[in-house]
1. Hey, with R₀ at 35 Å, roughly what FRET efficiency would His19 and Glu117 work out to, going by the Cβ-Cβ distance, to 0.05?
2. In deg cm²/dmol, rounded to 500, what helix-only [θ] at 222 nm does the chain give when every DSSP H run of at least 4 residues adds -39500 (n - 2.57) and the total is split over its residues?
3. Using a 1.4 Å probe and ignoring any ligands, DNA or RNA, find the accessible area of Val67 and quote it in Å² to the nearest 10.
4. Starting from the 7 Å offset along Cα-to-Cβ, what nm value, one decimal, do you get for the label separation of Asp197 and Glu29?
5. Roll a 1.4 Å probe over the protein chains and send me the accessible area per residue for the chain in Å².
6. Just add up the charged neighbours of Leu177: K/R +1, D/E -1, any other residue whose Cβ is under 13 Å from the Cβ of Leu177.
7. How high is the relative contact order of segment 163-212, in percent, with contacts defined as C-alpha pairs under 8 Å that are six or more residues apart?
8. Among Thr55, Thr91, Thr132, which one shows the biggest mean-square fluctuation in a GNM of the chain, springs joining Cα atoms closer than 10 Å?
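The values are calculated or read from the model by the stated rules, or taken from the named source; none is laboratory data. Note that the structure is predicted; figures quoted are calculated from it, not measured. Virtual Cβ from ideal backbone geometry, glycine too; neighbours counted across all protein chains shown. With ligands, DNA and RNA removed, areas are computed over all heavy atoms of the protein, side chains included. Shrake-Rupley method; radii C 1.70, N 1.55, O 1.52, S 1.80 Å.
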Amino acid sequence: MTTKSLPLTEELHSYLIAHGSPPDDIARELIDETVDALPNDAQMQVAPEQAALLTFLTRLVNARQAVEVGTFTGMSALAIARGLPADGKLTCFDISAEYTSVARRYWSRAGVDDRIELRIGPAAEGLRSLPTEPHLDLAFIDADKTSYPIYWDELVPRMRPGGLIAVDNVLRGGRVLAPQDAADRAIVAFNADVRADVRVDVVMLPIADGLTLARRR
């Protein structure tokens, strides 16, 4: 099978970002602070083009109710919140008060903190506390990989028809082809389960570490 996929060099990646919606000053400062303060964990932050896509998708589906599983220092939440209307709501689940304290500062600076509710604690428990009827317009999963199936099972029934779930790190740096640890194997199994889920339409995109988009039927 032939392919039109183009390998991204560093120069081409920079071109791609510059010709989309590049990070503004607030987002750029958040990126820089995360790299400076947390150099060993900075890779957990979504890529700039992912952030732009999340804002775009939030607006595209006219999201008013959104959920994020895994917030880290807040780049993805900032992107989603910027796509919400003034009365929209993003509920974020994370276990780290330390990392999310950075997020809170930048949300405030961007003027979107009133749209975001941050809940510190296990995400599975938090998701189970949400209303059970289909009401969510958008969800983003980017947390511990072995728990992806749990988050998926809690979120899909709560998505309204046409609602969108975005799932990060579905390529695991290419290791889905040769899994090396429990997280890799969990993502391989998760990807197969998502593909077989008749409740959603699915596309996997080669953005950053792989991004699956699933639309609730």
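1. 0.55
2. -12000 deg cm²/dmol
3. Rounded to the nearest 10, the figure is 0 Å².
4. Modelled inter-label distance: 3.7 nm.
5. Roughly 51 Å² per residue, with all protein chains present.
6. Neighbourhood net charge equals +2.
7. 52
8. Sorting by GNM fluctuation, first place goes to Thr132.
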